[in-house]
Amino acid sequence: TQIDEAIRLHTLATGQRPTGWYTGRCSVNTVHLASEEGGFEYISDTYDDDLPYWYEHNGKPQLIIPYTLDANDMRFATPQ
């Protein structure tokens, strides 16, 4: 999968497997697919809350840390 390839390339480049996942251009399936891969401490491909929460995937908890545009520094580089 593309997730597997991204993990492989990240690990090759840094020497470490990524601890979390953020796609940036997610679909309705991204959290499910990243959870299915397993092994991520957190997934940040949601915009649905201000606070972290737990998502249950196949009976296992997955930490979701929603991405917030308030933490995105792009707002300082572009006109608002």
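Structural remarks
- Considering the conditions (1) within 21 Å of THR1 (Cα to Cα); (2) surrounded by 13 or more Cβ atoms within 10 Å (Cβ to Cβ), ILE64 is excluded by exactly one of them, (1).
- Count of residues meeting criterion [without any contact (Cβ under 8 Å) to a residue 24 or more places away in the chain, in contact with a helix residue (DSSP H, G or I) (Cβ under 9 Å, 6 or more places away or on another chain) and not in a loop (DSSP other than H, G, I, E, B)] in segment 31-55: 2
- Count of residues meeting criterion [within 17 Å of GLU37 (Cβ to Cβ) and not polar (S, T, N, Q)] in segment 50-71: 9
Laboratory data are not the source of any read-out in this text; all were calculated from the coordinates shown. Keep in mind that this is a model prediction, so the values were computed, not measured. With ideal geometry, Cβ positions are generated from the backbone for all residues, glycine too; neighbour counts draw on all protein chains shown.
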